[in-house]
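Below is one structure, written out as structure tokens; the observations come after it.
The values are calculated or read from the model by the stated rules, or taken from the named source; none is laboratory data. Not measured: the values here are computed from a predicted model. With ideal geometry, Cβ positions are generated from the backbone for all residues, glycine too; neighbour counts draw on all protein chains shown.
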């Protein structure tokens, strides 16, 4: 398995897509019921294959990821060959970026001396999707371009 098994909730949400996946392999509802009763290894194999397929599709479409911790933001622009990253670190111990009040403080005080910004680009060392999946497993979430582009613009205007 390349990634990880989808959760029970994810499978439930994707039940129609899973049925289509099975149908593409000429497995109808009654055949699937028989497989579930008599061939648990084959069931697991199908679940793994479907999970990998879903992850591949999601990761291929992913353009931005965000990871928040108490004192830092990690923002990623996931391009085809490389990844741009912006890191924001806040050394003010009273600020928690994972809370709305802390994030609002950061937005209102982006030029505060307790805030450091780092920006860089790095080519992927393994496949793009594997690197994105690793970041997701470490707590990054899919995002849109707003925060990345906003902070990128802020960095350009302060130079």
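Quick notes
- Among residues of the stretch 142-159 being touching a strand residue (DSSP E or B) at 6+ places or on another chain (Cβ under 9 Å) and not in a helix (DSSP H, G or I), the one that is nearest to residue 56 (Cα to Cα) is 142.
- Residue match in the stretch 105-116 (condition: under 21 Å from the mean Cα position of the chain (by Cα) and either assigned by TED's automatic domain parsing to the domain that holds residue 143 or assigned to a helix (DSSP H, G or I) (or both)): no
- Single residue of the stretch 118-141 satisfying the filter (outside any helix (DSSP H, G or I) and surrounded by 15 or more Cβ atoms within 10 Å (Cβ to Cβ)) that is farthest from the chain's Cα centre (by Cα): 124
- Residues that are loosely packed, with under 12 Cβ neighbours inside 10 Å and under 24 Å from residue 62 (Cα atoms) do not occur anywhere in the stretch 105-112.
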